[in-house]
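A short worksheet on the structure shown next.
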Amino acid sequence: MCGIVGFTGRQQAAPILLNGLSKLEYRGYDSAGITTIENNHLFTKKAKGRLQNLKDLLKDENILGHVGIGHTRWATHGEANNINAHPHKNGKVTLVHNGIIENYIEIKKDLKKEGYKFTSETDTEVAAALLDELYKKNNDMVKSLHEASKIIRGSYAFVVLIDGDDSIYASRCASPMIAAIGDDGFYVASDVPAILAYTNTVSYTHLTLPTT
């Protein structure tokens, strides 16, 4: 099973993401990664294997950003490697995803006709491209997530970042996802242990998490 953590608020996101992912290691995984945003610049780092491998890669990095998402992946599509690890970016959309998109091959074929290219073997990168295509048309990620739900078959929990936008967007269908409010910001996670160190005020509704 995969793990998701997202944060937007007054604290630096990276330590919160890494701590949250460490609380989800019990779920099993084969790679881990995070993306943070600082002054509209996205910083992404991913690593195959244990979460400690990612932490080792980050120990000499100055990771800035009060907005970010993190993920631990258990391979469903594509082997366990750095390329297939989450987060995935296509166009303006960066995405982490739990679940399986059953019709991703058909969606991928259609998106290739629109000029999209793919570097990974995952259904997650396809979802990122689909959301990017929809977002280009309506400039509204909430609407794009709703439209995507009519196209996608399968189960999913998505947490989304958009270039130039300091909000986090989250949506789910038949996969666990929680949103939470704490003293220092807003959280989203695939399970409660990831955010218990920061808050116990939890919601199970779909939210757009604004900056504080």
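A compact table of results
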quantity: Residue list for region 65-79, filter: more than 15 Å from the chain's Cα centre (by Cα) and either free of Cβ contacts under 8 Å to residues at least 12 places away in the same chain or exposed (fewer than 15 other Cβ atoms within 10 Å of the Cβ) (or both); calculated: Glu79
quantity: Filtered residues of region 17-32 (kept if open to solvent by less than 70 Å² (accessible area, probe 1.4 Å), in contact (Cβ under 8 Å) with a residue 60 or more places away in the chain and either touching a Ser or Thr at 6+ places or on another chain (Cβ under 6 Å) or outside any helix (DSSP H, G or I) (or both)); calculated: Leu21, Leu24
quantity: Residues that are charged (D, E, K, R) and either in a helix (DSSP H, G or I) or at pLDDT below 95 (or both), drawn from region 124-141; calculated: Glu125, Asp132, Glu133, Lys136, Lys137
quantity: When residues of region 65-100 are limited to those that are out of contact with any helix residue (DSSP H, G or I) (no Cβ under 8 Å at 6 or more places or on another chain) and of a type in the set (A, V, I, L, M, F, W, C), the one modelled with the highest pLDDT; calculated: Ala85
quantity: Which listed residue, of Ala85, Ala157, is in a loop (DSSP other than H, G, I, E, B), closer than 23 Å to Lys23 by Cα, among the hydrophobic types (A, V, I, L, M, F, W, C) and touching a residue at least 12 places away in the same chain (Cβ under 8 Å); calculated: Ala85
quantity: Residue match in region 83-92 (condition: under 30 Å from Gln12 (Cα atoms), open to solvent by less than 80 Å² (accessible area, probe 1.4 Å) and β-branched (Val, Ile, Thr)); calculated: no
quantity: Tally, over region 16-40, of residues that are within 10 Å of Gly68 (Cα to Cα) and either hydrophobic (A, V, I, L, M, F, W, C) or modelled with pLDDT of 95 or more (or both); calculated: 6
quantity: Condition check for Ser144: among the polar types (S, T, N, Q), open to solvent by less than 50 Å² (accessible area, probe 1.4 Å) and assigned to a helix (DSSP H, G or I); calculated: yes
quantity: Selected residue [over 15 Å from the mean Cα position of the chain (by Cα) and either in a loop (DSSP other than H, G, I, E, B) or buried (at least 18 other Cβ atoms within 10 Å of the Cβ) (or both)] from Asn53, Asn62; calculated: Asn62
quantity: Search result, residues across region 120-134 that are under 16 Å from Lys92 (Cβ atoms) and open to solvent by 20 Å² or more (accessible area, probe 1.4 Å); calculated: Glu133
quantity: Residue among Phe43, Phe7 that is at pLDDT 95 or above, of a type in the set (Phe, Trp, Tyr), surrounded by fewer than 24 Cβ atoms within 10 Å (Cβ to Cβ) and not in a loop (DSSP other than H, G, I, E, B); calculated: Phe43
quantity: Failed item, numbered, when Asp110 is tested on (1) surrounded by fewer than 13 Cβ atoms within 10 Å (Cβ to Cβ); (2) without any contact (Cβ under 8 Å) to a residue 12 or more places away in the chain; calculated: (1)
quantity: Region 11-60: number of residues that are among the aliphatic types (A, V, I, L, M) and farther than 18 Å from Val96 by Cα; calculated: 2
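Residues checked against (1) surrounded by fewer than 18 Cβ atoms within 10 Å (Cβ to Cβ); (2) in contact with a helix residue (DSSP H, G or I) (Cβ under 9 Å, 6 or more places away or on another chain):
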| residue | (1), (2) |
| --- | --- |
| Glu102 | yes, yes |
| Glu114 | yes, yes |
| Ser155 | yes, no |
| Leu161 | no, no |
| Gly185 | no, yes |
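The values are calculated or read from the model by the stated rules, or taken from the named source; none is laboratory data. The structure displayed is predicted, hence computed values, not measured ones. Every residue, glycine among them, receives a Cβ derived from its backbone with ideal geometry; neighbour counts consider all protein chains shown. Each accessible area value is taken on the protein alone, full model and side chains, heavy atoms only, with ligands, DNA and RNA left out. Shrake-Rupley method; radii C 1.70, N 1.55, O 1.52, S 1.80 Å.
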